[in-house]
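Here the structure comes first, spelled out in structure tokens, and everything after it is commentary.
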Amino acid sequence: MNLTIAPSHQAGNLTRGQRRRLRLFELGSRALEARYARLLDEQFGTPRPPAYVCPLCFRVLGREAVLANATSQTTAILTAEDVPPKSLGGRPLVLTCGPCNHSSGRRLDANARAREHVRTLLYGKPAEPRPITLSIENTSVRGSYFVDEQGNHVFRLAAEPAANRVGASSGFTTAVFGGAQPRAFQMRFMDQYHERFYQLSWLRTAYLAWFAVLGYPFILDPALRKVREQIVDPIKALLSGFLSEDSPERPLTDRVLFLVREPSELRSVGIRVGPYTVLLPRPGDLEFYSRVKNLPGKPIAFQADGLAWPYEPTFGQARPSDEA
Ligand SMILES: [Zn+2]
């Protein structure tokens, strides 16, 4: 790995996105320097330019990675990560490298978004129409499903012949309502999601939110290694029992970090975003998820101290006084 000195850039020539990434870079790099200067000296020699380490793959990148074109295919880029994902109301909070953001990140987040569309509708909150197919025996029609402002669940058959072949809608309604006996039909959402992938998207949000607060000592702790491996490689089944859901009416804008104190076997750090609660091990706690796995299946109440959701990272450092 080579760190090169980036040419100095006039702030005025930078795009808004570059300025934001540069700011996250400076905060992360300062925090890294404060704790790991000697380690970096040993690896890269002195003098050396400031560096930022991707919190997911530990790739070391210099300031020029922030200024690279975010759409370029190079691995040497640092991208702003919205935590939670932007489509779920998040804002840029930390930087991750291009591959970590594009490959694992986007796929998990697409699953979390699809899941959220379905969940919102089934819970019966007013929601935008989502595409569905309705099927009875051999007849299938496309349509949409939404909940209106009065809380009515509405199925709307799509137009013919644009989305359904001519006669399909009347064939379907005849099949459903034509007989004397009640008939059941199936509804399938076109928003498809993989159960595990949407859960891992929330695990990723928890990991990055706590990284923004506690910085590198947290993610470099051995207790977090498995969490990181699981996020980077969603196909592997490394972890379970990290996500729970309740209070479906709670909006995603309702966010908090917390420290679980009691019961002792659940001591952990966590996040709560809307109905989703994710627990992460505390530093040094290598047995956390095996303990959780052995707990009885029913929901367990715990006592926790809440912390404000981070909208700006501190990475374990006191907030620099020269930053607004
Ligand atoms: Zn990375």
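I'd like the orientation of helix 195-214 relative to the chain: the angle between its Cα long axis and the longest Cα principal axis, in ° from 0 to 90, rounded to 10.
30
Which of 59, 35 comes first, and how do the rest follow, when ranked by fewest Cβ neighbours within 10 Å?
The order, fewest Cβ neighbours first, is 35, 59.
Give, in nm to one decimal, the length gained when the segment between residue 128 and residue 225 is fully stretched (0.36 nm per residue of separation minus the Cα-Cα distance).
Gain on extension, residue 128 to residue 225, equals 31.0 nm.
For region 187-235, what is the convex hull volume of the alpha-carbon atoms per residue, in Å³?
Expressed per residue, the convex hull around the Cα atoms of region 187-235 is 78 Å³.
Which value, in nm² and rounded to one decimal, describes the direction-averaged projected area of the C-alpha convex hull of region 145-252?
Mean projected area for region 145-252: 11.9 nm², to one decimal.
What is the helix-to-structure angle for 16-44, meaning the angle in degrees between its Cα long axis and the longest Cα principal axis of the chain, kept from 0 to 90 and rounded to the nearest 10?
50
With no other cysteine's Cβ closer than 4.7 Å, which Cys residues of the chain count as lacking a disulfide-compatible partner?
So, 57, 100.
Which of 244, 135, 29 moves most in a GNM of the chain, Cα contacts under 10 Å?
Answer for the Gaussian network model of the chain: 135.
Would you check the chain for Lys pairs whose C-alpha atoms are within less than 24 Å, ignoring same-chain pairs closer than 8 in sequence, and give me the count?
4
Could you give me D for the chain, from Stokes-Einstein at 37 °C and 0.692 mPa s, where the hydrodynamic radius is the Kirkwood radius over C-alpha pairs? Units µm² s⁻¹, please.
In µm²/s, the coefficient rounds to 147.
Along the Cα-to-Cβ line of residue 186, 7 Å from the Cα, sits a label point; which residues in region 136-153 have backbone N less than 15 Å from it?
136-142
Dipole of region 124-189, Cα-centred, from +1 at each Lys and Arg C-beta and -1 at each Asp and Glu C-beta, to the nearest 20 debye?
Taking the Cα centre of region 124-189 as origin, the dipole is about 160 debye.
List, largest first, the extents of the alpha carbons of region 124-189 along their principal axes, each in whole Å.
32, 30, 17 Å, listed from the longest principal axis down.
Given a Förster radius of 51 Å and the C-beta distance between residue 301 and residue 42 as r, what FRET efficiency does 1/(1 + (r/R0)^6) yield to the nearest 0.05?
0.60
FYI, it's all coordinate maths here, none of it is from the lab. Only a predicted model underlies this, so the values are computations on that prediction, with no experimental measurement involved. Heads up, the Cβs are rebuilt from the backbone with ideal geometry, glycines too, and the neighbour counts pull from every protein chain shown.
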